[in-house]
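See below for the structure under consideration.
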Amino acid sequence: MSRDEAELEAQLVAQARTAIAKMLAQKAGRRDLSMTEMENLVGELEIDLRQTVMQALVEEGQTQEEGLCPTCGGQLRYKGKRRKQVVTVRGEVTVDRDYYVCRACSAGYFPPR
């Protein structure tokens, strides 16, 4: 496991612990939960964990690469990140995407993921 993967794993484990603590606090020691209440608690935990993992994977995949413009072949210049809300099959994530502008034709470009 690489250092980056170990750091990502540690980050995800910490966030999972936070989500589990939140669920247990909502349960508040009750032993008389109905199946529906249990399902709701587990469902909220699932959503929290899924969003956390998805967001971490999206953030991990962001790279800053200068290259050539796909339109004219000119040199791209890095212009920073642009934030976007992306709706996925399982919910929304925030993506900070690298944005480039071609020095020759001024076309804007977001590298593919």
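We did not get these values from a lab; they are worked out from the coordinates using the rules stated. All values derive from a computational prediction rather than experimental measurement. FYI the Cβ positions are ideal-geometry reconstructions off the backbone, even for glycines, and counts take in every protein chain you see.
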Residue separation between Arg82 and Asp32 times 0.36 nm, minus their alpha-carbon distance, gives in nm 13.2 nm
So the FRET efficiency between Leu24 and Met1, C-beta based with R0 = 30 Å and rounded to 0.05, is 0.55
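Evaluate 2.2 N^0.38 Å with N set to the residue count of the chain, then give the Cα radius of gyration divided by it.
Values: Rg = 20.3 Å, N = 113, 2.2 N^0.38 = 13.3 Å.
Here the answer is 1.53, to two decimals.
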Extension length gain for Gln55 and Thr94 (0.36 nm per residue less Cα distance), in nm, is 13.3 nm
With Arg82 itself left out, Lys, Arg at +1 and Asp, Glu at -1 over residues whose Cβ is under 12 Å from its Cβ give +3
Taking the alpha-carbon centre of each part, the distance from segment 73-90 to segment 1-25 in Å is 26
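So what is the orientation-averaged projected area of segment 1-61, using the convex hull of its C-alpha atoms, in nm²?
Working: hull surface 18.6 nm².
About 4.6 nm², averaged over all directions.
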If every Lys and Arg gets +1 and every Asp and Glu gets -1 at its Cβ, then about the Cα centre the chain yields a dipole, in debye to the nearest 20, of 460
Checking Leu24, Leu41, Leu33 against a Gaussian network model of the chain (alpha-carbon springs below 10 Å), the top fluctuating residue turns out to be Leu33
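Report the percentage of all Cα-Cα pairs in segment 65-113 whose separation exceeds 14 Å, rounded to a whole percent.
Details: 618 of 1176 pairs.
Of all Cα-Cα distances in segment 65-113, 53 percent exceed 14 Å.
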